[in-house]
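Okay, structure first, notes after.
The values are calculated or read from the model by the stated rules, or taken from the named source; none is laboratory data. Because the structure is a prediction, the values reported are computed rather than measured. Quick reminder, even Gly has a Cβ in these numbers, built from the backbone with ideal geometry, and neighbours come from all protein chains shown. Note: areas computed on protein heavy atoms with side chains; ligands, DNA, RNA excluded. Shrake-Rupley method; radii C 1.70, N 1.55, O 1.52, S 1.80 Å.
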Amino acid sequence: MATLKCSARRLGSTTLALLAATATVTLAARQWRSEKARQHERRLELEELAIRRTALAHQQRMHWELLARAIDDPSLAAVIDTYDQSIPAERRRQFFYANAWYVHLYHLYQAELLDREELYTRLREFFQSPVFREYWEASRHMRASLDDSSVEAQLGHMVDGLVRDLDESDTDEWWVVGDPPSD
């Protein structure tokens, strides 16, 4: 009888050890699968980001090529020229060029190569140019048609605030004017 109890105890201990080992292996396998799934999801996110950045870079190249053609050929510029026709043609060509720079900075922001503060800082420098300021004012009607919830409209409002701050500033130290936003 004593032997039977001892054998039963050993069998119970062995069973308990096997159950614990099985539970540990099952938990480890579940964690491994979970980690693999997280890694796969992260890889997909990175691939999607790379595709998006490639598409943005392509779109920016296309935008520049189209604008460059319009800048070089007034007959092509007439297709996209929505500026006031009382503005001289040469100035409207400069507006196209200013737009190319603005869109370039916008795409750098969209591609997350610039944060909002860096974008603000660069635009603050561009707005030292009277032609760039004129372009901004002349393109106001274009921005007015944007959906207010869009990133482009929000950035436009930010820039409008920057221009207001620059206009109201009483310092020649333009590089300190305004409060750059933080992301």
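Looking only at segment 138-176, count how many residues are modelled with pLDDT of 80 or more, among the hydrophobic types (A, V, I, L, M, F, W, C) and over 17 Å from the mean Cα position of the chain (by Cα).
The number of residues fulfilling the criteria is 7.
Can you tell which of D115, D81 is touching a Lys or Arg at 6+ places or on another chain (Cβ under 8 Å), modelled with pLDDT under 95 and surrounded by 12 or more Cβ atoms within 10 Å (Cβ to Cβ)?
Criteria check complete, one pass: D81.
Would you mind stating whether D72 is open to solvent by 60 Å² or more (accessible area, probe 1.4 Å), out of contact with any Cys (no Cβ under 8 Å at 6 or more places or on another chain), of a type in the set (D, E) and under 28 Å from T54 (Cα atoms)?
In short, yes.
Return a yes/no flag: does segment 48-59 have any residue that is part of a helix (DSSP H, G or I), in contact (Cβ under 8 Å) with a residue 40 or more places away in the chain, loosely packed, with under 15 Cβ neighbours inside 10 Å and polar (S, T, N, Q).
Scanning segment 48-59, I find at least one residue that is part of a helix (DSSP H, G or I), in contact (Cβ under 8 Å) with a residue 40 or more places away in the chain, loosely packed, with under 15 Cβ neighbours inside 10 Å and polar (S, T, N, Q), so the answer is yes.
All but one of (1) open to solvent by less than 80 Å² (accessible area, probe 1.4 Å); (2) polar (S, T, N, Q); (3) under 21 Å from R92 (Cβ atoms) hold for S145; which doesn't?
(1)
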